[in-house]
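The values are calculated or read from the model by the stated rules, or taken from the named source; none is laboratory data. Small disclaimer: the values here were computed from a predicted structure and weren't measured. Cβ: placed from backbone, ideal geometry, glycine included. Neighbour counts: every protein chain shown.
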Amino acid sequence: MGNCCGTPATAEEGGKRRGKQKKANPFTVAYNRGPAAAAGAGRGPGLVVLREPTGRDLGARYELGGELGRGEFGITYLCTETATGDRYACKSISKRKLRTPVDVEDVRREVEIMRHMPSHPNIVSLRAAYEDEDNVHLVMELCEGGELFDRIVARGHYTERAAAAVTRTIVEVVQMCHRHGVMHRDLKPENFLYANKKDSSPLKAIDFGLSVFFRPGERFTEIVGSPYYMAPEVLKRHYGPEVDVWSAGVILYILLCGVPPFWAETEQGVAQAIIRSVVDFKREPWPRVSEPAKDLVRRMLDPNPMTRLTAEQVLEHPWLHDSKKMPDIPLGDAVRARLQQFAAMNKLKKKALKVIAEHLSAEEAADIKDMFDKMDVSRNGHLTFEDFKAGLRKLGNQMPDSDLKILMDAADIDKNGILDYQEFVAVSIHVRKIGNDEHIQKAFSYFDRNRSGYIEIEELREALVDELDGNDEDIINGIIRDVDTDKDGKISYDEFATMMKAGTDWRKASRQYSRQRFSNLSLKLQKDGSISDDTQ
């Protein structure tokens, strides 16, 4: 459900992104429908989300303060308990934005998982969960110490020993989750915040919005998570808790060199790189990194989940087990600069996503039923492929038949060759995202202050002034260099839109976006043979 914690002055939360996709995407899954959620999803007020809320009246005990973050489903506020003065973060989720059964089930499951997990120093705690007519309110532990990469960059002296300490914490969280039958499924740096600004502050896992309960031996097929951190078996739609160790291995790789191990300009390229699972140890600073560190990375990024290390085995690895004996030699300014650029690019997209979120209407899906009725020419309560195609053509959508078929197949959960209304609700939201660039244009206009049609260096610096701390010239130039594909020293709208839509998104988009955006190309890659059906 996005970051629940943050620093009031700077924390922001991304919203949904929209834009026309020209290619299918490897990372999205068809929609699952939880039976408990199916009956009520999309009704807004009157919908019952939580099974056992703490209460109905949040204001009777807590007072909401300033905004900490903004997400697809709601807003996170600073929250004060009136009786004690204790401060928390309250994530208020608008029921009007829970448009599909999967949205409702995700909120419900997130609360159940956080209640299920025992108290742990590195996992954010849920204090209370309220539900009123319009919103679900999650009162959580407040984390004010900032994001993982920001803390690393600010310290200035970054070593293998420091990377080992962070990795140990992350894997201990994984171990705790797995011991209690929870698979996280969305481990990434931005889902870890420091509790406070002290050097001794604990690092906290803050987001269980994509987590699920699992039983030993159980396999899952739903593609969720963030592209750069997905294990190959997730793309193959046959996976278990081993995926969390892979994601932790990706984080470790980034901690040691400053860039992701599997990178490409497109979603298809990222998916293919993940499937190939070739880990590069040639670039700087890898020649200076110790062999035990590289060995652990290799074994956490083992493409075979059956031979990949478990969380317990990772913690017993010599590089972590004897981490105090690891080199305390700086990994170099290049690694710090990459990590800072990595964090700054995330903040650029995060700020853009907030602008987009502020322009989304809570009622954008209000006419979906009318659209369904117009497409359902036979009035039998379902759509054939021809109904679906003809209806979209009338709306001006010109996706080729092959892509429309993949899209319909992805939404056709029961695989009966037709779409019922609930299936149509999901796919129609997705189609609208494919066909509408209006929100990206509004985000671009936010940065293009002088209305020149380009985001220039000074405008980028001004937009990110609160996010950067010294040495910003290299960071700004690095962002320009990554986004400015025609190398004219500034960012055009097309380049900005490509950044927002393409596989360069290292930060979590909305959960629904992640599921919707990445399914079709997964199917395409399977058909092309780029992804095999086995798990090896």
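When you scan the stretch 365-380, how many residues do you find that are within 30 Å of I93 (Cβ to Cβ) and either modelled with pLDDT of 60 or more or crowded, with 16+ Cβ neighbours inside 10 Å (or both)?
Total satisfying the criteria: 7.
Does the stretch 103-119 include one or more residues that are without any contact (Cβ under 8 Å) to a residue 24 or more places away in the chain and aliphatic (A, V, I, L, M)?
no
When residues of the stretch 229-262 are filtered for being aromatic (F, W, Y), over 15 Å from the mean Cα position of the chain (by Cα) and at pLDDT below 95, how many remain?
Number satisfying all stated conditions: 2.
Please specify each residue of the stretch 89-135 satisfying the condition of being assigned to a loop (DSSP other than H, G, I, E, B), of a type in the set (S, T, Y) and surrounded by fewer than 20 Cβ atoms within 10 Å (Cβ to Cβ).
S119, S125
Evaluate the stretch 161-168: report whether one residue or more is assigned to a loop (DSSP other than H, G, I, E, B), charged (D, E, K, R) and at pLDDT below 95.
There is no residue in the stretch 161-168 that is assigned to a loop (DSSP other than H, G, I, E, B), charged (D, E, K, R) and at pLDDT below 95.
Please specify each residue of the stretch 183-202 satisfying the condition of being touching a strand residue (DSSP E or B) at 6+ places or on another chain (Cβ under 6 Å), surrounded by 21 or more Cβ atoms within 10 Å (Cβ to Cβ) and aliphatic (A, V, I, L, M).
Answer for the stretch 183-202, where residues must be touching a strand residue (DSSP E or B) at 6+ places or on another chain (Cβ under 6 Å), surrounded by 21 or more Cβ atoms within 10 Å (Cβ to Cβ) and aliphatic (A, V, I, L, M): M183, L193.
Output the residue which, of all residues in the stretch 276-312 that are under 18 Å from P241 (Cα atoms) and β-branched (V, I, T), is farthest from the chain's Cα centre (by Cα).
My answer is T307.
Taking helices (runs of 4 or more DSSP H) that do not extend beyond the stretch 207-320, which have at least 1 residues that are farther than 28 Å from T498 by Cα, in contact with a Gly (Cβ under 6 Å, 6 or more places away or on another chain) and in contact (Cβ under 8 Å) with a residue 12 or more places away in the chain?
Passing ranges, in order: 291-300.
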